[in-house]
Amino acid sequence: MKNSRDETEAVLDALRHHYAGQLTPWEMDFLESVTDQHDAGRALTEKQRAKLDQIFGRVSHGGHDGGSSA
């Protein structure tokens, strides 16, 4: 298992450029914060990385919080 800086950058880029329209306002703020942290050369905490992975998993698999169920 590898949580490298390059892997984190790839997830951040994908969320910003491909999935931004699927993010909640809170997720957009979180993404901006961790992107700034990453760009400054500071590693994300385990909790930040877990949340980032959770967000990426949701949007990359087409899931939506609060979606309708019939």
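The values are calculated or read from the model by the stated rules, or taken from the named source; none is laboratory data. The structure displayed is predicted, hence computed values, not measured ones. Cβ placement follows ideal geometry from the backbone for every residue including glycine, while neighbour counts extend to all protein chains displayed. When the accessible area is computed, the model is the full protein with side chains, heavy atoms only, and any ligands, DNA or RNA have been set aside. Shrake-Rupley method; radii C 1.70, N 1.55, O 1.52, S 1.80 Å.
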> Taking the range 38-58 as the region of interest, how many residues are open to solvent by less than 80 Å² (accessible area, probe 1.4 Å) and either charged (D, E, K, R) or assigned to a helix (DSSP H, G or I) (or both)?
Replying inline: 11
> Of the residues THR35, THR8, which single one is in a helix (DSSP H, G or I), modelled with pLDDT under 95 and open to solvent by less than 40 Å² (accessible area, probe 1.4 Å)?
Replying inline: THR8
> Would you pick out the residues in the range 1-27 that are farther than 15 Å from GLN54 by Cβ and touching a Leu at 6+ places or on another chain (Cβ under 9 Å)?
Replying inline: ARG16, ALA20
> Which members of the range 11-28 meet the condition of being free of Cβ contacts under 8 Å to residues at least 24 places away in the same chain and either outside any helix (DSSP H, G or I) or surrounded by 11 or more Cβ atoms within 10 Å (Cβ to Cβ) (or both)?
Replying inline: ASP13, ARG16, HIS18, ALA20, MET28
